[in-house]
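The values are calculated or read from the model by the stated rules, or taken from the named source; none is laboratory data. Because the structure is predicted, anything quoted here is derived from the model rather than measured. Note: ideal-geometry Cβ built from the backbone for every residue, glycine included; neighbour counts use all protein chains shown.
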Amino acid sequence: MSSYFTDLAQQYIGGEWRPGTGSWDIIDFNPYDGEKLASITIATVDEVDEAYRAAAAAQREWAGINPYTRRAVFEKALRIIEHREAEITEVIIAELGGTRLKAAFELHLAKEFLRESIQLALRPEGRILPSPVDGKENRLYRVPVGVVGVISPFNFPFLLSIKSVAPALALGNGVVLKPHQNTPITGGSLVAKILEEAGLPGGLLNVVITDIAEIGDAFLEHPVPKVISFTGSDKVGRHVATVCASLFKRSVLELGGNSALVVLDDADVDYAVDAAVFSRYVHQGQVCMAANRVLVDRTLQAEFTEKFVAKVKSLKTGDPRDPETVVGPVINSSQADAISGAVEQALAEGATALVHGATTDNLIEPTVLTDVPADSSILQQEIFGPVAVLIPFEGEEEAVRIVNDTPYGLSGAVHTADIERGVAFAKQIDTGMFHVNDGTVHDEPLVPFGGEKHSGLGRLNGGTTVEAFTTQKWISVQHGRSKFPF
């Protein structure tokens, strides 16, 4: 595994592995034990420019290649991941602090999205549309946008880089990828290495490992990329959207959430508890779809709370390398401080801690809060840590009001014995996704993924990915001669 952090601690530009030319290094740490994994000299504005120019130059030929030929690259990439799954698992554990369960979850989804990318290479279809003009043939072509800039996050970096990079390439585009500074290998150079070995021509995918302190908005403002695919916080997403809009670029934004899991009065309590605990504490709660809020009908409040608290207390916190560990470290000390601060503020505002987990470095044991005042800031924010808020309600109308009382609208879930009651409830929630009798954390290759309100713009997966990374071009053919008025 150590070879990944030495051999891949470089920029990948124009098909070449090389160090950055910046004046300082990004240090890649293991969030669990603080071990230094890699030191990477950052890319400068000049290297961002080189990366985009390389992608644009390589894309012209790539777009004209038979899509069946393009497809073969992703078929081989899938085989490489399958062959090296054990090694990649160790990289995810070391760089992200992800547990073995989380690594398996991420790799499973990454392989599913690669399989979909294999199909996406053949997905674009043209159309012939009728015309009111005699003898005119209207052809509508779907063509690549050209070059896509991808900015991936630290929580699921391998999956979320592949989720944009592979489809964009499969559809005939070039790509420049900027991984998060905390996960430069898993979210950046590892993806490039796999696709390079799979036969992707040099220059089509470029990875720049850098920081906005060095490059500012150069990644967004560069004239080459026509689409920016960003996954991260709504604060940064707002800035990305503003810059892109001012330059007439398309942005696809997968942002934060404040999802709720709702337990109606006829729910299977034991099943709802299992779903809620998973939805809140998977990957330490560092999931945009995580159930920050767990709403329970008052008729079930006592039973649900007792069982939920007991299950949360049983979750093992510790070394992510241990197969028994459920809750590993959060990504860095800033995140740990923010989570602890949010809990302490909620307690100061009057909340009660049914479970109050200790914080040791980046390890945060699970916390369960209740009696949180309606105006508490913790109810309006994305916690992004192992903290659950239990909220009682009386009747569906109140539940709908509470769930929708947030600036976010990404995911959610409802539990009920009556499926159609659940669907009717889901239709009233202002989110891009909602699940009946399940958890809140889901992603599938064919189903449009995205949020409403501050949770993002646009969708990815399946046909929506084709729309995101291609554009339509109308070419008309006049058979015979047109008649002009003068």
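Mind telling me which of the residues 372, 330 ends up being surrounded by 15 or more Cβ atoms within 10 Å (Cβ to Cβ), more than 18 Å from residue 305 (Cβ to Cβ), touching a strand residue (DSSP E or B) at 6+ places or on another chain (Cβ under 8 Å) and at pLDDT 95 or above?
The match here is 330.
Examine region 147-163 for a residue that is polar (S, T, N, Q) and out of contact with any helix residue (DSSP H, G or I) (no Cβ under 7 Å at 6 or more places or on another chain), and state whether such a residue exists.
No, the conditions are met nowhere in region 147-163.
What are the residue pairs meeting all of these: first residue in region 115-137, first residue over 15 Å from residue 168 (Cβ atoms), second residue among the β-branched types (Val, Ile, Thr) and at pLDDT 95 or above, Cβ atoms under 6 Å, and 6 or more apart or on different chains?
Every condition considered, the pairs that remain are 137/477.
Here is a list of conditions, (1) without any contact (Cβ under 8 Å) to a residue 40 or more places away in the chain; (2) part of a helix (DSSP H, G or I); (3) of a type outside the set (Ser, Thr, Tyr); (4) within 30 Å of residue 138 (Cα to Cα), and residue 485 meets all of them except one; can you say which number that is?
(2)
How many residues does region 1-34 contain that are closer than 19 Å to residue 155 by Cα and either surrounded by fewer than 16 Cβ atoms within 10 Å (Cβ to Cβ) or among the aliphatic types (A, V, I, L, M) (or both)?
4
Hey, among the residues in region 97-119 that are small (Gly, Ala, Ser) and buried (at least 17 other Cβ atoms within 10 Å of the Cβ), which one's nearest to the chain's Cα centre (by Cα)?
It comes out as 110.
In the set 228, 209, 194, 215, which member is modelled with pLDDT of 95 or more, of a type in the set (A, V, I, L, M, F, W, C) and in contact with a Pro (Cβ under 8 Å, 6 or more places away or on another chain)?
209
Could you tell me which residue of region 290-325 is nearest to the chain's Cα centre (by Cα), considering only residues that are hydroxyl-bearing (Ser, Thr, Tyr) and more than 30 Å from residue 35 (Cβ to Cβ)?
305
Could you look through region 189-216, keep only residues that are of a type in the set (Gly, Ala, Ser) and in contact (Cβ under 8 Å) with a residue 60 or more places away in the chain, and pick out the one that is nearest to residue 240 (Cα to Cα)?
Within region 189-216, the match that is nearest to residue 240 (Cα to Cα) is 216.
Where residues in region 120-137 are among the small types (Gly, Ala, Ser) and closer than 15 Å to residue 474 by Cα, which of them is farthest from the chain's Cα centre (by Cα)?
The qualifying residue farthest from the chain's Cα centre (by Cα) is 131.
Being buried (at least 24 other Cβ atoms within 10 Å of the Cβ), out of contact with any Phe, Trp or Tyr (no Cβ under 7 Å at 6 or more places or on another chain) and in the same structural domain as residue 50 (by TED's automatic domain parsing) narrows it down to one of 148, 133, 175, so name that one.
Criteria check complete, one pass: 175.
Given the conditions (1) in contact with a helix residue (DSSP H, G or I) (Cβ under 7 Å, 6 or more places away or on another chain); (2) surrounded by 18 or more Cβ atoms within 10 Å (Cβ to Cβ), report the number of the one that residue 85 does not fulfil.
(2)
Where residues in region 226-281 are free of Cβ contacts under 8 Å to residues at least 12 places away in the same chain and over 18 Å from the mean Cα position of the chain (by Cα), which of them is nearest to residue 326 (Cα to Cα)?
Selected residue: 242.
Where in region 396-472 are the helices (runs of 4 or more DSSP H), entirely inside, with at least 3 residues that are in contact with a Ser or Thr (Cβ under 9 Å, 6 or more places away or on another chain)?
462-469
Please enumerate the residues belonging to region 317-337 that are part of a helix (DSSP H, G or I) and in contact (Cβ under 8 Å) with a residue 12 or more places away in the chain.
Within region 317-337, 333, 335, 336 meet the criteria.
State the number of residues belonging to region 338-365 that are part of a loop (DSSP other than H, G, I, E, B), under 28 Å from residue 181 (Cβ atoms) and without any contact (Cβ under 8 Å) to a residue 40 or more places away in the chain.
Matching residues across region 338-365 total 1.
Return the pairs, sorted by first residue and then second, in which the second residue is at pLDDT 95 or above, the first residue lies in region 393-407 and is exposed (fewer than 13 other Cβ atoms within 10 Å of the Cβ), the beta carbons are less than 6 Å apart, and the residues are 6+ apart or on different chains.
394/298
Report whether or not residue 210 is more than 20 Å from residue 47 (Cβ to Cβ) and either part of a helix (DSSP H, G or I) or assigned by TED's automatic domain parsing to the domain that holds residue 80 (or both).
It is false that residue 210 is more than 20 Å from residue 47 (Cβ to Cβ) and either part of a helix (DSSP H, G or I) or assigned by TED's automatic domain parsing to the domain that holds residue 80 (or both).
If residue 289 passes every condition in (1) buried (at least 22 other Cβ atoms within 10 Å of the Cβ); (2) of a type in the set (A, V, I, L, M); (3) in a helix (DSSP H, G or I) but one, which one does it miss?
(3) is the only condition that residue 289 fails.
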